[in-house]
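Scroll down for the structure; my scribbles are underneath it.
The values are calculated or read from the model by the stated rules, or taken from the named source; none is laboratory data. Bear in mind that the values here come from a model prediction, so they are computed numbers and not experimental data. Glycine also receives a Cβ, built like all others from the backbone with ideal geometry; neighbour counts cover every protein chain displayed.
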Amino acid sequence: MSFNYEKRGAGYPNIRIVNRSGHIEIPTVVMQEKFGIKLFIRISQLEYPENAVPGDRLVHFGLPIKDEKKGDTMALTRIVKNGCYIPGISEAPPLLSLGDIWTGRLIKVIDMIPFEEITHDYFAKTIGDIRNVEELRESILKRYRHSLPTFSDDNILGHGVSIRKMILDKRLTL
């Protein structure tokens, strides 16, 4: 079993967000318009850059992506509950918190890079304070074993990672 990165982008048609009664599902495009952004980058609550300030430049590692580019506007959201993707069976988006989120823009995007080609330079100011390739592998597996339960570790790591360098502009809340 392998990923098809051409068909599966970084987004979902709907976004699930926490509210007072549990959660609601809203078309992603509605929330993109509300925040004035192109994409949502989902971050675990434990790794969220709470102490960042406007102008901070951060690095986010994730699975390979095909639909993002330098200049895209984005929002960093907190994952409250992981989603789950089982090819051909189901795909549930993660449950997100949109309270007190960072918005900004991408200043560099590498859509797919093998772990062996990642230099030390990429580990400055990472979300989750990842300091080297081994920590990156562990972080990727910890993150995606939950959301991709039918994929082997080799399959998750086999395509390398994406690297998003971003600059934070402001904090917003829903």
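Do we find a residue being outside any strand (DSSP E or B), among the acidic types (Asp, Glu) and either buried (at least 19 other Cβ atoms within 10 Å of the Cβ) or touching a Gly at 6+ places or on another chain (Cβ under 6 Å) (or both) anywhere in region 64-71?
Yes: region 64-71 contains one or more residues that are outside any strand (DSSP E or B), among the acidic types (Asp, Glu) and either buried (at least 19 other Cβ atoms within 10 Å of the Cβ) or touching a Gly at 6+ places or on another chain (Cβ under 6 Å) (or both).
Against the definition (surrounded by fewer than 18 Cβ atoms within 10 Å (Cβ to Cβ), within 25 Å of residue 26 (Cα to Cα) and at pLDDT 95 or above), how does residue 170 come out, yes or no?
Yes: the conditions hold for residue 170.
Might you check whether a residue that is buried (at least 17 other Cβ atoms within 10 Å of the Cβ), of a type in the set (Ser, Thr, Tyr) and within 19 Å of residue 40 (Cβ to Cβ) occurs anywhere in region 133-142?
No, because not a single residue in region 133-142 is buried (at least 17 other Cβ atoms within 10 Å of the Cβ), of a type in the set (Ser, Thr, Tyr) and within 19 Å of residue 40 (Cβ to Cβ).
Can you name every residue in region 144-174 that is of a type in the set (A, V, I, L, M), farther than 29 Å from residue 56 by Cα and assigned to a helix (DSSP H, G or I)?
Matches in region 144-174: 156 only.
Of the numbered conditions (1) exposed (fewer than 14 other Cβ atoms within 10 Å of the Cβ); (2) not in a loop (DSSP other than H, G, I, E, B), residue 102 satisfies every one except a single condition; which is it?
Every condition holds for residue 102 apart from (1).
Return a yes/no flag: does region 37-48 have any residue that is part of a strand (DSSP E or B) and of a type in the set (Asp, Glu).
No, there is no match, as no residue in region 37-48 is part of a strand (DSSP E or B) and of a type in the set (Asp, Glu).
Of all residues in region 11-25, which are β-branched (Val, Ile, Thr), surrounded by 16 or more Cβ atoms within 10 Å (Cβ to Cβ) and over 22 Å from residue 66 (Cα atoms)?
Selection gives 17, 18.
Which residue pairs have Cβ atoms closer than 6 Å, lie 6 or more positions apart in sequence or on different chains, and pair a first residue in region 93-113 that is more than 15 Å from residue 127 (Cα to Cα) with a second residue that is among the small types (Gly, Ala, Ser) and assigned to a strand (DSSP E or B)?
Final answer for the pair search is 111/162.
Can residue 85 be described as hydroxyl-bearing (Ser, Thr, Tyr), in a strand (DSSP E or B) and either at positive phi or surrounded by 15 or more Cβ atoms within 10 Å (Cβ to Cβ) (or both)?
yes
All but one of (1) out of contact with any Leu (no Cβ under 7 Å at 6 or more places or on another chain); (2) part of a strand (DSSP E or B) hold for residue 136, so report the exception by its number.
With respect to (1) out of contact with any Leu (no Cβ under 7 Å at 6 or more places or on another chain); (2) part of a strand (DSSP E or B), residue 136 is out only on (2).
Conditions (1) of a type in the set (Lys, Arg); (2) farther than 19 Å from residue 12 by Cα, marked per residue:
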site: 59; (1), (2): no, yes
site: 72; (1), (2): no, no
site: 81; (1), (2): yes, no
site: 100; (1), (2): no, yes
site: 106; (1), (2): no, yes
site: 148; (1), (2): no, no
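Within region 87-98, does at least one residue satisfy the condition of being over 16 Å from residue 64 (Cα atoms), in contact with a helix residue (DSSP H, G or I) (Cβ under 6 Å, 6 or more places away or on another chain) and hydrophobic (A, V, I, L, M, F, W, C)?
Scanning region 87-98, I find no residue that is over 16 Å from residue 64 (Cα atoms), in contact with a helix residue (DSSP H, G or I) (Cβ under 6 Å, 6 or more places away or on another chain) and hydrophobic (A, V, I, L, M, F, W, C), so the answer is no.
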